[in-house]
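In what follows, a structure is listed as structure tokens, so that the remarks can point back to it.
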2 protein chains.
Amino acid sequence: MPAPTSIRLPARSSAAVEDYLERILELINTKGYARVVDIAQSLKISQASVTNMVQRLDAEGLLKYEKYRGLALTTAGEALARNITRRHQLLTDFLKLLGLDDDVIYHDVEGMEHHISPPTVRAIEALTEQLQRHPALLVKVRKDIDEN
Amino acid sequence: MPAPTSIRLPARSSAAVEDYLERILELINTKGYARVVDIAQSLKISQASVTNMVQRLDAEGLLKYEKYRGLALTTAGEALARNITRRHQLLTDFLKLLGLDDDVIYHDVEGMEHHISPPTVRAIEALTEQLQRHPALLVKVRKDIDEN
Ligand SMILES: [Mn+2]
Ligand SMILES: [Mn+2]
């Protein structure tokens, strides 16, 4: 398929930045705080790498990092992290409707979520809501999947 | 959806390998041949990088590369390239149903296609077929999208 001559999409945060923000918000929501050691453990990355990224996110105004006090998301960082978390949840809900296994869903959502632009997120959200109101159609879809 | 059309990609084909095979098949289908210079131009990558990857794909048995004669996909390479192309087309068809713009679709499909496992591809394929039979539901989805 030839690429369209001009692709104009807003510059987006990288997959790595998105994974960090997602995990930091999750840690804050579950433990009350996010320390470098917790982020490193959760993302299976060295503490040195986490420190580098955390300093970059601080420089970008997404969080405030104080070496001995841990870190806190700024208003901008928290808004971004909430959007990322919401997109993850929406894609998960959508794939769950199709009857896929939880581990397949988690794997695919973790990969694809960084590549789905806001208009597509909104479209899948609208589709998910309509599908939830049409269980008979979902039964047919799941039947087609099982038969193949 | 008949079983032989199911898309099965080996777990180890990387996004880069998939992009190369997809582009090589496209060049062969449109120009009749795929030279390193054409692939480099098409993927916006240096000829040296393309030569490296082409040699790797040759070593993996996915294509035959002869420096002054260009390259040809092996049976395995062509089967893989066709699966990648078909997955791209399926995801494009699915997002087109939701009324998204072509450039948004192209951007998102190019990113997400490498992260979607065979069970999810089959589920989206079954969903796409059912949605095509339920145009009234799609009208509602597009209306919901426009209203948000
Ligand atoms: Mn995620
Ligand atoms: Mn593609």
Measuring from its Cα centre, region B:9-79 shows a charge dipole (+1 at each Lys and Arg Cβ, -1 at each Asp and Glu Cβ) which, in debye to the nearest 20, is 220
Cα-Cα longer than 23 Å, checked against A:LYS96/A:LYS143; A:LYS44/B:LYS44; A:LYS143/B:LYS143; A:LYS31/A:LYS96; B:LYS44/B:LYS96, kept in input order, equals A:LYS44/B:LYS44; A:LYS143/B:LYS143; A:LYS31/A:LYS96; B:LYS44/B:LYS96
Sort out for me the Cα centre separation of region B:70-133 from region B:11-64, rounded to whole Å.
-> 19
What is the Å³ per residue value for the convex hull set by the Cα atoms of chain A?
-> 163
For B:LEU100, list long-range residues whose amide hydrogen, built 1.01 Å from N in the peptide plane, is under 5 Å from its own amide hydrogen.
-> none
If the cut-off is 16 Å between C-alpha atoms, which aspartates and glutamates fall inside it for A:LYS140, apart from same-chain ones fewer than 8 positions away?
-> B:GLU125, B:GLU129
In degrees, nearest 10, the alpha-carbon axis of helix A:47-59 is tilted away from the dominant principal axis of the alpha carbons of chain A by 90
Reachable aspartates and glutamates from A:LYS64, Cα under 12 Å, same-chain residues fewer than 8 places away excluded?
-> A:GLU78
Taking protein heavy atoms only, a 1.4 Å probe, and rounding to whole percent, the accessible area of region A:9-79 owed to carbon and sulfur comes out at 51
About its Cα centre, what dipole magnitude does chain A give when the only charges are +1 on Lys and Arg Cβ and -1 on Asp and Glu Cβ, stated in debye to the nearest 20?
-> 480
What percent do you get for the relative contact order of chain A when only Cα pairs under 8 Å and 6+ apart count?
-> 19
Acute angle (nearest 10 degrees) that the helix A:135-146 long axis makes with the longest principal axis of chain A, alpha-carbon atoms = 90
If you line up the long axis of helix A:75-97 against the longest principal axis of chain A, both from Cα atoms, how many degrees apart are they, to the nearest 10?
-> 30
For A:ASP102, go 7 angstrom from Cα along the Cα-to-Cβ vector, then report the distances to that same point in the other copies in nm, smallest first.
-> 4.3
Residues of type aspartates and glutamates that A:LYS67 reaches as a straight line, Cα spacing below 19 Å, ignoring anything fewer than 8 places off in the same chain = A:ASP38, A:ASP58
Chain pair A, B: how much accessible area is buried, both chains summed, with a 1.4 Å probe, in Å² to 100?
-> 3400
Rounded, prolate or oblate: which fits the protein assembly as shown, taking a ≥ b ≥ c as square roots of the Cα gyration tensor eigenvalues, rounded meaning a/c under 1.5, else prolate when a/b beats b/c?
-> oblate
So which trypsin sites (Lys or Arg not before Pro) in region B:90-148 are both in a DSSP loop and have at most 13 other Cβ atoms within 10 Å of their Cβ?
-> B:ARG133
Any idea how far apart B:ASN148 and B:ARG86 come out in nm if each label point goes 7 Å out from Cα toward Cβ?
-> 3.2
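The values are calculated or read from the model by the stated rules, or taken from the named source; none is laboratory data. Predicted model, so just to flag it, every value in this text is computed and none were measured. Quick reminder, even Gly has a Cβ in these numbers, built from the backbone with ideal geometry, and neighbours come from all protein chains shown. Side chains included, ligands, DNA and RNA excluded: accessible areas come from the protein's heavy atoms. Shrake-Rupley method; radii C 1.70, N 1.55, O 1.52, S 1.80 Å.
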